[in-house]
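Student: Below you will find the structure I want to go over with you.
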Amino acid sequence: MKKIFIALSFLIVLASAGKKEIIISAKAQEIDSAITYLKLVEIAKTKTPAIQIAYLNNGKVEHYNYGVKSTATAEPINTETIFQAASLSKVVATYAFLILADKGLLDLDKPLWQYYEYDRLKNDPNKELITGRQVLTYQTGLVNWEAAAGSTAWKNSELKTRFTPGTDFTYSGEAFYYLQLVAEKITGKTLDQICTMYIFKPFDMKKSHYTYTDEIGKNIAFSHKDDLTTSENMSKYRRANSAYTLYTTANEYMKFLIEGVLKGSGLSKKMHQEFLTPKVTTALKGKEKEKDKYLKGCLGIRLQQNEAGIAYWHTGSNGNAKSGGFKCVFMVYPKSQKAITIFTNASKGNATFVPILNQVIGKNQTYWFYNN
């Protein structure tokens, strides 16, 4: 695919912070041709200050970097700028858990209580029924979060299953954190150490971490609110949480998609197949919608079946409209060997996903993950 050289000298009105307009000058860019820089500008306008994209096409990864780390400083992002991967963290953690299972260190069908008696679960009658497999297929009965994750209220809250584990579906970050505690206990290592050993180092993901470091802070994207003003606080996660604290770049996450999702590096062929085999309908019983005919849950990763065939995907969302946030998504097409990661630094950055996918992957398919 040929490269397009676009010399740009114009001013973009990116957002308004109160009554003050934030103006950004776009300089000359060298852009690989799947979508143009100008198109990214149109897609991003009023939705997110920055979009960082890595796109695997014809065996090569193309990069697109539009916008700024913070509307307060107007410092531009680049391929090396760190974003919060939000719930995309779960898929990388899943891969680490599967490697531990492959090595015989973790039995996915053994009750987690037998590995680690989690104090927050001690009063729940179903505490001895929850397994690693149920965590990865969201069938534990635990809610997403009992309180704001990481807060004192959360640390002091009790976990309560809403149904008998294994009988229904509900998305749960709490469950992933429990499985992380088990993995850390049986290995004697932190989540970051586990992932560095089995994923980050072998896959050449040098900038990826589940905890904040000063090095990360040197080139990091800040979260933004709905009006695209910079969030006052930047989350510096000092304790890893497999559900949402991964710091990475679109390019490094693409390395994981290539080596892990597409190739199965570090996993046995049998476990890699197990990873990508659909297991559950991703909706609570009686709450299914039309889209749920086409979306299935595998082990920690989602599957979409549409006009283009099978694609694996996951979305991520940290923060909210009031405090500011990050939105991200990836999609992997095993048959065509195409993949894309999209990272944004605003609470409504997800509004860019379908327009970008239409431009890059194509308009001739339904993106069911985004259909209500």
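The values are calculated or read from the model by the stated rules, or taken from the named source; none is laboratory data. A quick note: this is a predicted structure, and the numbers were derived from the prediction, not measured. Positions of Cβ are generated from backbone atoms using ideal geometry, with glycine treated the same way; all protein chains shown enter the neighbour counts. Accessible surface is based on the protein model in full, side chains and every heavy atom, while ligands, DNA and RNA are left aside. Shrake-Rupley method; radii C 1.70, N 1.55, O 1.52, S 1.80 Å.
Student: Scaled to the compact-protein estimate 2.2 N^0.38 Å, what is the alpha-carbon radius of gyration of region 129-184, rounded to two decimal places?
Tutor: Here the Cα radius of gyration is 1.06 times the empirical estimate.
Student: Let me ask you something else. What percent antiparallel are the DSSP beta bridges of the chain, to the nearest 5? Don't skip to the end; give the middle numbers.
Tutor: Numbers: 58 of 60 bridges.
Of all bridge pairs located within the chain, approximately 95 percent are antiparallel.
Student: Not counting ligands, DNA or RNA, and with a 1.4 Å probe, what is Y198's accessible surface area in Å² rounded to the nearest 10?
Tutor: Rounded to the nearest 10, the figure is 50 Å².
Student: For a quick check, take a GNM of the chain with Cα springs below 10 Å and name the residue from G166, G300, G59 with the largest mean-square fluctuation.
Tutor: Result for the chain, Cα springs under 10 Å: G59 fluctuates most.
Student: Using a Förster distance of 25 angstrom, determine the FRET efficiency expected from the C-beta separation of F163 and E288, and round it to 0.05.
Tutor: Calculated value: 0.95.
Student: Hey, if you drop one equal point scatterer on each alpha-carbon of region 45-142 and run the Debye formula without solvent, what base-10 log of I(q)/I(0) do you get at q = 0.12 Å⁻¹?
Tutor: -0.66
Student: Moving on. I'd like to check one number: the per residue accessible area of region 172-305, probe 1.4 Å, reported in Å² as a whole number.
Tutor: 44
Student: At q = 0.15, 0.20, 0.22, 0.25 Å⁻¹, what base-10 log of I(q)/I(0) does the Debye formula yield for region 211-282 when every alpha carbon is treated as an equal point scatterer in vacuo?
Tutor: Rounded to two decimals, the profile gives -0.77, -1.00, -1.06, -1.16.
Student: Length gain on complete extension for the stretch H63 to R238, per 0.36 nm per residue less the alpha carbon to alpha carbon distance?
Tutor: Gain on extension, H63 to R238, equals 60.0 nm.
Student: Which value at 222 nm does the chain reach when only helices count, each DSSP H run of 4 or more adding -39,500 (n - 2.57), with the total divided by all residues and rounded to the nearest 500 deg cm²/dmol?
Tutor: Taken over the chain, the calculation gives -5500 deg cm²/dmol.
Student: Another question, if that's okay. Can you tally the net charge around S323? Count Lys and Arg as +1, Asp and Glu as -1, for every other residue whose Cβ sits under 12 Å from the Cβ of S323.
Tutor: Working: positive: K225, K322; negative: D226, E232.
Charge balance in the 12 Å sphere: 0.
Student: Restricted to Cα positions, what overall size does region 161-232 have along the principal axes? Three whole-Å values, descending.
Tutor: 44, 37, 19
Student: Rg and Dmax of region 267-327, using alpha carbons, in Å: what are they?
Tutor: So, for region 267-327, Rg and Dmax equal 14.6, 45 Å respectively.
Student: Using only the alpha carbons of region 97-246, determine the length spanned along each of the three principal axes and report them from longest to shortest in whole angstroms.
Tutor: Here the spans come out as 45, 37, 24 Å, largest first.
Student: Given the options S268, S223, S231, state which has the largest fluctuation in a GNM of the chain using a 10 Å cut-off (strictly under) for Cα springs.
Tutor: S268
Student: Would you please name the GluC sites (Glu not before Pro) within region 217-294 that are DSSP coil residues with at most 12 other C-beta atoms within 10 Å of their C-beta?
Tutor: E232
Student: Carbon-plus-sulfur fraction of the accessible area of the chain, 1.4 Å probe, in percent?
Tutor: For the chain, the apolar C and S fraction of the accessible surface comes to 49 percent.
Student: While we're looking at this one, here's another question. Please say if region 243-367 is rounded, prolate or oblate, where rounded means a/c under 1.5 for a ≥ b ≥ c the square roots of the C-alpha gyration tensor eigenvalues, and otherwise the choice is prolate for a/b larger than b/c and oblate otherwise?
Tutor: On the way: a/c = 1.37, a/b = 1.17, b/c = 1.16.
It comes out rounded by the Cα gyration axes.
Student: For region 44-84, what number results from the quotient of the Cα radius of gyration and 2.2 N^0.38 Å?
Tutor: For region 44-84, the normalised Cα radius of gyration comes out at 1.28.
Student: Quick one: helix 89-102 against the long Cα principal axis of the chain, what's the angle to the nearest 10°, folded into 0 to 90?
Tutor: Roughly 40 degrees between the two axes.
Student: Given a 10 angstrom Cα cut-off, can you work out which residue in D192, D109, D227 is the most mobile in a GNM of the chain?
Tutor: Among D192, D109, D227, the largest mean-square fluctuation in the Gaussian network model of the chain belongs to D109.
Student: Next question, about the same structure. Counting each pair of different Cα atoms once, what's the Kirkwood radius of the chain in Å, rounded to one decimal?
Tutor: Value: 21.1 Å, from the Cα pair sum.
Student: What Rg and what Dmax come out for region 298-372 when only alpha-carbon atoms are used, in angstroms?
Tutor: Both quantities, over Cα of region 298-372: 12.7, 40 Å.
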